[in-house]
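> Handing you this structure, nothing more for now.
The values are calculated or read from the model by the stated rules, or taken from the named source; none is laboratory data. Treat the numbers as computed from the prediction; the structure is a model and nothing was measured. Here the Cβ positions follow ideal geometry from the backbone for every residue, glycine too, while neighbour counts run over all protein chains shown. For accessibility, only protein heavy atoms count, side chains too; no ligands or nucleic acids. Shrake-Rupley method; radii C 1.70, N 1.55, O 1.52, S 1.80 Å.
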Amino acid sequence: MQEGFISTREALARGDGERVKLRGWVYRKRDLASKVFVVMRDADGVIQCVVDRSKADVAAQASSATIESSIEVEGVIRSDPRAPGGKEVEVEKFNIIGLADDFPIKGGESIDYLLDVRHLWLRSRKLTQIMRIRATVLKALRDHFTSNGWWEVSPPILTQSAVEGGATLFSVDFFGRKAYLSQSAQFYLEVMIFSLERVWSLTPSFRAERSRTRRHLYEYWHLEGEAAWMDMHDMMKFVEGLVKSAVKAVLDERQEELQFLGRNQEPLEETLKSSFAEVTYDEAIERLQRKGVNIKWGDDIGADEERVLTQDERVPFFLTMFPKHLKSFYMKVCDRRPEVALGFDLEAPEGYGEVVGGSQREDRYDVLLQRIKENNLNPDDYQWYLDLRRFGSVPHSGFGLGVDRLVMWITGIDHIRDVIPFPRLRERIYP
Ligand code: 4AD
Ligand code: MG
């Protein structure tokens, strides 16, 4: 099947007069009196293919190829400044592999309609560029863990207990008993650090979010890490390196895609050159008050406040040291200020807001038990989690990174549904 075929990208790098064999899909077509122009796309890009009407049989084939038909072409490379990429293929053979019916996307359709035909809309050049960037981000993140000696582990998705509170749990029937779809692999990763020390996983996480926003999905991709012997600041340093590795890979390897999307690359370049600042919750409240936001110490910093804090920033920064009543029971309580938890969020600039949530974990049995009770949770449900503090407890920290949120910021896309191929939306689980 593969023999002799090259990609559009390779073809555009070939010299005039070279013979090439290509295959892909009809992206655009123009029938003129003397020529048929077919712009063909493949996974790498597009190339213009030209058939002269003097080759009547070949021109007839090209002419009958509908938009989105799959095709094979053979021909010779010619420079032409008017062609996309500066070169075109002078076609000598043109085969239709799969003739397409009238393609239901013609341009100008509503977002709702495009979601109905998501399985076809994913062929669009915009979504293709985003998916390529997404793959590069995922590869960079994985490589960063591996090259720093972290172990990948495989936690379950069906769970018994809430990590991030009951309000956003999806329940499923598990042979007559109630089980839940995982919100976070954190507790399972905490188990694994007692053997592997530094572990990570990439899994779907599920949140039955009540509010619909541009940055919430019901099912999202969660990259989580957990490590023994690391305190909050050690983990923040690691997260900074992790996020920078993804930004660097995209700047190095996905230039054409960023340009296609019209992404301003300056904030990404500045991100690589800067070190991420730490802004405490106390400072953030003051900043918000100075900007005229009606907020006081103890109030939650939600999506709206995050937008205010990040919209004029160009580089990600950490928000830290939250009032403990705003955060989960597992976060370690600060020794010097017992009303504060050792948590950190990474805030993406340019209005994007939280992309990572992490903390140092409460490693003292008694304090953890107390926190479970204070949060009106049943200690029996957390027996195995408490056990970790009974048998060789260690200081440890961890974090969860929303992959979709990170891709959203890096690509500069304004809605999270466009950075994941099959977004689950409240109105539809489709396709
Ligand atoms: O801040 P969160 O809720 O933290 C946790 O789940 C921790 N247990 C993670 C850990 O420490 N292992 O979620 C972590 C990240 C958020 O910062 C955000 O980027 C992303 O997950 N996230 C979502 N992304 C898309 N849609 C949603 N509904 C999301 N909820 C959280
Ligand atoms: Mg969070």
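> Based on the mean of other Cβ atoms within 10 Å per residue, sort peptides 10-17, 287-294 so the most packed one is first.
In decreasing order of mean packing, 10-17, 287-294 become 10-17, 287-294.
> Also, quick follow-up: Around residue 35, which amide H atoms from residues at least 5 apart in sequence, or from another chain, sit under 5 Å from its own amide H, with H modelled in the peptide plane?
For residue 35, the qualifying residues are 53.
> Modelling each spin label as a point 7 Å along the Cα-to-Cβ direction, I'd like the residue 294/residue 126 distance in nm, to one decimal.
If labels sit at residue 294 and residue 126, their model points lie 3.7 nm apart.
> Mind ranking 400-411, 201-212 by how tightly packed they are, going by the mean number of other C-beta atoms within 10 angstrom, highest first?
Numbers: 400-411: 24.6, 201-212: 15.8.
Taking the mean over residues of other Cβ atoms within 10 Å, the ranking is 400-411, 201-212.
> What's the whole-number percent of alpha carbon pairs in the range 103-167 lying beyond 20 angstrom?
When all Cα pairs of the range 103-167 are counted, 60 percent exceed 20 Å.
> Apply the Karplus curve 6.51 cos²θ - 1.76 cosθ + 1.60, θ = phi - 60°, to the phi angles in the range 126-133 and return the couplings in whole Hz, x for Gly and Pro.
3J(HN,Hα) across the range 126-133, in whole Hz: 4, 5, 4, 4, 5, 5, 5, 5.
> Give, in nm to one decimal, the length gained when the segment between residue 5 and residue 117 is fully stretched (0.36 nm per residue of separation minus the Cα-Cα distance). Display every interim value, and only then the final one.
On the way: separation 112, 0.36 × 112 = 40.32 nm, distance 3.01 nm.
Full extension from residue 5 to residue 117 adds 37.3 nm.
> Another question, then. Could you give the size of the charge dipole of the chain about its Cα centre, using +1 on the Cβ of each K and R and -1 on the Cβ of each D and E, expressed in debye and rounded to the nearest 20? Intermediate values should be presented prior to the final figure.
Numbers: 61 positive and 69 negative charges, 143 e Å.
I would put it at about 680 debye.
> Tell me, what are the semi-axes, in whole angstrom and largest first, of the equivalent ellipsoid of the range 221-307 as set by the roots of 5 times the Cα gyration tensor eigenvalues? Could the numbers behind the result be given before it?
Numbers: eigenvalues 166, 90, 29 Å².
Three semi-axes, in Å: 29, 21, 12.
> Let me ask you something else. Given the options 42, 304, 234, state which has the largest fluctuation in a GNM of the chain using a 10 Å cut-off (strictly under) for Cα springs.
Judging by the Gaussian network model, the answer is 304.
> So, how do all the Cα-to-Cα distances of the range 153-218 break down into 10 Å bins, in percent, from 0 on up?
Percent of Cα pairs in each bin: 21, 44, 28, 7.
> At 0.36 nm per residue, and after removing the present C-alpha to C-alpha distance, how many nm does the segment from residue 109 to residue 375 gain when stretched out fully? Present the calculation step by step, with values, prior to reporting the outcome.
On the way: separation 266, 0.36 × 266 = 95.76 nm, distance 4.81 nm.
Stretched fully, the residue 109-residue 375 segment lengthens by 90.9 nm.
> Report the Stokes-Einstein translational diffusion coefficient (µm² s⁻¹, integer) for the chain, Rh taken as the Kirkwood radius over Cα pairs, at 10 °C with viscosity 1.306 mPa s. Kindly include the intermediate steps, with their values, before the conclusion.
On the way: Rh = 24.5 Å.
The Stokes-Einstein estimate is 65 µm²/s.
> Mind checking which aspartates and glutamates have their Cα closer than 15 Å to the Cα of residue 244? Skip sequence neighbours fewer than 8 apart in that chain.
The qualifying aspartates and glutamates are 143, 252, 253, 266, 269, 270, 347.
> Now for a separate question. Averaged per residue, what accessible surface does the chain expose to a 1.4 Å probe, in Å²? List each step's numbers first, then the result.
Numbers: 20420 Å² over 431 residues.
Per residue, the chain has 47 Å² of solvent-accessible surface.
> Let me ask something else about it. To make sure I understand the rule: partners must be lysines, Cα under 27 Å from the Cα of residue 21, and not fewer than 8 residues away in the same chain. Which ones qualify?
Correct list for residue 21: 29, 35, 55, 87, 93, 126.
> Which chymotrypsin sites (Phe, Trp or Tyr not before Pro) does the range 214-314 hold that lie in a coil by DSSP with at most 13 other beta carbons within 10 Å?
Details: sites: 218, 220, 221, 229, 238, 260, 276, 281, 297; in loops: 218, 229, 276, 297.
Listed in order of number, the matching sites are 229, 297.
> Apply the Karplus curve 6.51 cos²θ - 1.76 cosθ + 1.60, θ = phi - 60°, to the phi angles in the range 86-98 and return the couplings in whole Hz, x for Gly and Pro.
Taking θ as phi minus 60°, the curve returns x, 9, 9, 10, 7, 7, 10, 10, 9, 10, 8, 8, x Hz for the range 86-98.
> Can I ask one more? Relative to the present Cα-Cα distance, how much length would full extension add between residue 214 and residue 13 at 0.36 nm per residue of separation? Intermediate results must be reported in sequence, preceding the final value.
On the way: separation 201, 0.36 × 201 = 72.36 nm, distance 3.94 nm.
Gain on stretching residue 214 to residue 13: 68.4 nm.
> Using only the alpha carbons, work out the radius of gyration and Dmax of the range 8-98 in angstrom.
11.5, 31
> In degrees between 0 and 90, to the nearest 10, how far off the longest principal axis of the chain does helix 281-290 point, with axes built from Cα atoms?
The answer is roughly 70 degrees.
> How much net charge surrounds residue 74 when only the other residues with a Cβ under 9 Å from the Cβ of residue 74 are counted, with Lys and Arg +1 and Asp and Glu -1?
Values: positive: 19, 21, 93; negative: 72, 92.
Summing Lys/Arg as +1 and Asp/Glu as -1 gives +1.
> Sticking with this one: So which residue, out of 126, 93, 327, gets the largest mean-square fluctuation from a GNM of the chain using Cα contacts under 10 Å as springs?
Among 126, 93, 327, the largest GNM mean-square fluctuation belongs to 93.
> Note down the relative contact order for the range 8-98 as a percent, whole number, built from C-alpha pairs under 8 angstrom at least six residues apart. Each step should come with its number before you reach the end.
Values: 218 pairs, mean separation 29.3, N = 91.
Relative contact order, the range 8-98: 32 percent.
> Right, next: Counting only the backbone N, which residues of the range 57-92 are under 18 Å from the spot 7 Å out from the Cα of residue 21 toward its beta-carbon?
70-77, 89-92
> Moving on. Given 10 Å bins starting at zero, what is the percent of C-alpha pairs of the range 167-289 in each, up to the one with the largest pair distance?
Here the calculated profile for the range 167-289 is 10, 23, 36, 24, 6, 1.
> What number, in percent, do you get for the relative contact order of the chain if the mean sequence gap of Cα pairs under 8 Å and at least 6 apart is divided by its residue count?
On the way: 807 pairs, mean separation 53.8, N = 431.
Relative contact order, the chain: 12 percent.
> If you don't mind, another one. Report, in deg cm²/dmol and to the nearest 500, the calculated mean residue ellipticity at 222 nm for the chain, where each DSSP H run with n ≥ 4 adds -39500 (n - 2.57) and the sum is divided by the residue count. Before the final figure, lay out the partial values.
Values: 14 runs with 137 residues, N = 431.
The helix-only estimate for the chain comes to -9500 deg cm²/dmol at 222 nm.
> Got a number for carbon plus sulfur as a percent of the chain's accessible area, 1.4 Å probe?
50
> Return the long-range amide H neighbours of residue 280 (sequence gap of 5 or more, or a different chain), with a cut-off of under 5 Å between placed amide H atoms.
It is 320, by chain and number.
> Starting at the first residue of the range 347-358, write each ³J(HN,Hα) from the Karplus equation 6.51 cos²θ - 1.76 cosθ + 1.60 with θ = phi - 60°, in whole Hz, x for Gly and Pro.
Each residue's phi maps through the Karplus curve to give 9, 7, x, 6, x, 6, x, 4, 10, 9, x, x Hz.
> Still on this structure, I have one more. For residue 194 and residue 255, FRET efficiency with R0 = 41 Å and r from the beta-carbon atoms, rounded to 0.05?
E between residue 255 and residue 194, to the nearest 0.05, is 0.40.
> Tell me, how many Å apart are the Cα centres for the range 245-259 and for the range 270-326?
What the calculation gives is 27 Å, centre to centre.
> Let me check I've understood the local charge: for residue 384, count other residues with C-beta under 13 angstrom from its C-beta, Lys and Arg +1, Asp and Glu -1. What total comes out?
On the way: positive: 389, 390; negative: 190, 380, 381, 387.
Value of the local net charge: -2.
> So, one more: With a cut-off of at most 16 other beta carbons within 10 Å, and DSSP calling the residue loop, which chymotrypsin sites (Phe, Trp or Tyr not before Pro) in the range 87-193 qualify? Please list them.
In loop regions of the range 87-193 (DSSP not H, G, I, E or B), the sparsely surrounded chymotrypsin sites (Phe, Trp or Tyr not before Pro) are 170, 175.
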